[in-house]
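Data first, discussion second: the structure below is written as structure tokens.
The values are calculated or read from the model by the stated rules, or taken from the named source; none is laboratory data. All of these numbers come straight from a predicted model, not from anything done at the bench. Backbone-built Cβ (ideal geometry, glycine too); neighbour counts: all protein chains shown. We work out accessible area using only protein heavy atoms, side chains counted, and drop any ligands, DNA or RNA first. Shrake-Rupley method; radii C 1.70, N 1.55, O 1.52, S 1.80 Å.
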Amino acid sequence: MNGSRVGFMGRQLATWRLGGWAEVNAKLRIRKVRFFYNCSVWINAIWAVPVVLLLRSVRPIVMIRFGSFDATRIGHFVLDSVRHFVEYRRQPPNTIDLFWFGPTCNTQWKLMVRRSLPIVQATRWLDLWNRRLPGGEEHSLPCNNGGVASIGKILETVGVGALTFLPSENDEALAWLRGKGWSDGEPFVCLLVRDPAFLTLDALQNKLNGTNTHQKWSYHNYRDSNIEDYVPSMEWLANQGVWVIRMGKIMERPIPSRHPRIIDYAFDNTKSDFLDVWLFANCSGCISTATGIDFVSCVYGVPNLFVNFAPLGGLWAFHEMVAVPKHLYWSETGARLTLDETLHHNYGSSFRYAEAGIRFADLDSDELMNAVQEFWKRVIGLWIESPEDQLLQSRFWTAFQAWDGFDLNHDTIHPQARVGAGWLRKMGEGYIFGAVGFQSDR
């Protein structure tokens, strides 16, 4: 007992030395939360266990299932709720699905899910005890089942605007746009570029959710980009009469541009969870580095341009999009990775790439400009694809689908899914077929 107490006190002293009293208090708050949670689990068992057993007993007549959402990150939240929404519409008449919310990252999406699915918070205890008691598998709905790999065919059945906005919500968002100088009918695109401030956002979300998981997302820092590289492309769009709204909850640096059609929403004091969702759902196009909330655009049928993203094997080919990934080079030789090598080294961690001797290079401003111009011309129907471009696209997708990890990451290829034509021309057939002597241009 004394040894245990000494060990506990020693750990607290070590925590204080590393993080100060703030860290100690955070750990104590977590212990308090866990204590009250465990008390709630057993108090609610008094009614939840008998109800679970009763519901199991009537399974031949009516099937009642319980589920929740992976809702602490917006991309997972949208993906998971849309999947549940589709399954809910398909369920037989004698099946009843009930859902509950844990900590959620976006109040607007939570509200829209509540309007579309039966949310009963008391279901939490039924779900928990159903999972704890043996034999309840048929009553449990999976959370984040299948990830992005299985979403293509699901989106085909959803239809645009399945989770709809209220007329009052549309009016509110349009009034916000008009207040920025926008006029009805003018196109606008959402731009989202992940930068190192994402780590700050992660810490904030943990704090708001009452968690202290010490998650460090630095292993995703290969996904970061410099917003300054995007300014020429943003100003080109703005000069075409397109409003550009730079999205983001927390960003490192403002946009160094004063163009009147560019809105730095990330630094706007009127931003909100509601506008986060509405703007992505209603924009004319979405340009992003594939961060998560941009998945809202996919759900609502908005074309996407993905730039400076990795890994290539995870590109969102289930949707109408143009993709131009980051450059990958062998650190030792400076040679560019071929398509086969890129797909073989399909990692989700900066550390794994470093261990494999691979370095990243962002697209430069000219490459971004080419990608944005191609994307927008495709959106408005002015892009003309040459026979050379068609051949390279066909060869790329044939090689991509032959990758042995394809079935694990993809269920379908959208007929309007493309890799950037200019980028593919620059890479050439040596990239696709792994030609000897395929070298870096940097």
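Just a few scattered comments:
- Scanning region 337-351 for residues that are open to solvent by 30 Å² or more (accessible area, probe 1.4 Å) and either free of Cβ contacts under 8 Å to residues at least 40 places away in the same chain or assigned to a loop (DSSP other than H, G, I, E, B) (or both) gives His344, Asn346, Tyr347, Gly348.
- Candidates Phe99, Phe69: the one that is among the hydrophobic types (A, V, I, L, M, F, W, C), within 27 Å of Asn38 (Cα to Cα) and modelled with pLDDT under 95 is Phe69.
- Count - residues of region 48-68 that are part of a strand (DSSP E or B) and open to solvent by less than 50 Å² (accessible area, probe 1.4 Å): 4
- Verdict on Ala417 being buried (at least 20 other Cβ atoms within 10 Å of the Cβ) and closer than 25 Å to Ala238 by Cβ: no
- Residue within region 299-321 that is hydroxyl-bearing (Ser, Thr, Tyr) and open to solvent by 30 Å² or more (accessible area, probe 1.4 Å) present: no
- Selection within region 220-254 - assigned to a loop (DSSP other than H, G, I, E, B), at pLDDT 95 or above and farther than 18 Å from Leu305 by Cα: Gly241
- For beta carbons closer than 8 Å, sequence separation of 6+ or different chains, a first residue in region 257-280 that is in contact (Cβ under 8 Å) with a residue 40 or more places away in the chain and closer than 14 Å to Leu192 by Cα and a second that is basic (Lys, Arg) and open to solvent by 20 Å² or more (accessible area, probe 1.4 Å), the qualifying pairs are Ile263/Lys180; Asp276/Lys249.
- Boolean, Asp229 is touching an Asp or Glu at 6+ places or on another chain (Cβ under 8 Å) and open to solvent by 30 Å² or more (accessible area, probe 1.4 Å): yes
- Filter result (assigned to a helix (DSSP H, G or I), within 19 Å of Cys298 (Cβ to Cβ) and small (Gly, Ala, Ser)) within region 395-422: none
- Selection of region 101-133 for residues being more than 13 Å from Val49 (Cβ to Cβ), part of a helix (DSSP H, G or I) and not aliphatic (A, V, I, L, M) yields Thr107, Gln108, Trp109, Lys110, Arg114, Arg115, Ser116, Thr123, Arg124.
- Every condition in (1) touching a residue at least 40 places away in the same chain (Cβ under 8 Å); (2) outside any helix (DSSP H, G or I); (3) open to solvent by 20 Å² or more (accessible area, probe 1.4 Å) is met by Arg359 except one, and the failing one is (1).
- Meets criteria (of a type outside the set (S, T, N, Q), at pLDDT 95 or above and open to solvent by 30 Å² or more (accessible area, probe 1.4 Å)) for Glu169: no
- Given (1) open to solvent by less than 70 Å² (accessible area, probe 1.4 Å); (2) of a type outside the set (A, V, I, L, M); (3) modelled with pLDDT under 95; (4) over 21 Å from His410 (Cβ atoms), index of the condition Asn144 fails: (4)
- Residue match in region 69-80 (condition: closer than 20 Å to Asp276 by Cα, among the polar types (S, T, N, Q), assigned to a loop (DSSP other than H, G, I, E, B) and touching a residue at least 12 places away in the same chain (Cβ under 8 Å)): yes
- Where a residue in region 421-433 is surrounded by 20 or more Cβ atoms within 10 Å (Cβ to Cβ) and its partner, wherever it lies, is of a type in the set (S, T, N, Q) and not in a helix (DSSP H, G or I), with Cβ under 7 Å and at least six apart: Tyr431/Thr338
- Residue match in region 31-43 (condition: modelled with pLDDT of 90 or more, of a type outside the set (S, T, N, Q) and either open to solvent by 60 Å² or more (accessible area, probe 1.4 Å) or within 26 Å of Glu169 (Cβ to Cβ) (or both)): yes
- Within region 326-335, restricting attention to residues that are touching a residue at least 60 places away in the same chain (Cβ under 8 Å) and under 20 Å from Thr289 (Cβ atoms), the residue that is surrounded by the most Cβ atoms within 10 Å (Cβ to Cβ) is His327.
- Taken over region 319-336, the criterion of being touching a Lys or Arg at 6+ places or on another chain (Cβ under 8 Å) and part of a loop (DSSP other than H, G, I, E, B) is satisfied by Ser331, Gly334.
- Checked against (1) under 26 Å from the mean Cα position of the chain (by Cα); (2) within 23 Å of Tyr37 (Cβ to Cβ), Trp125 meets all criteria but (1).
- Filtered residues of region 91-107 (kept if surrounded by fewer than 17 Cβ atoms within 10 Å (Cβ to Cβ), in contact (Cβ under 8 Å) with a residue 40 or more places away in the chain and either farther than 30 Å from Lys249 by Cα or touching an Asp or Glu at 6+ places or on another chain (Cβ under 9 Å) (or both)): Thr107
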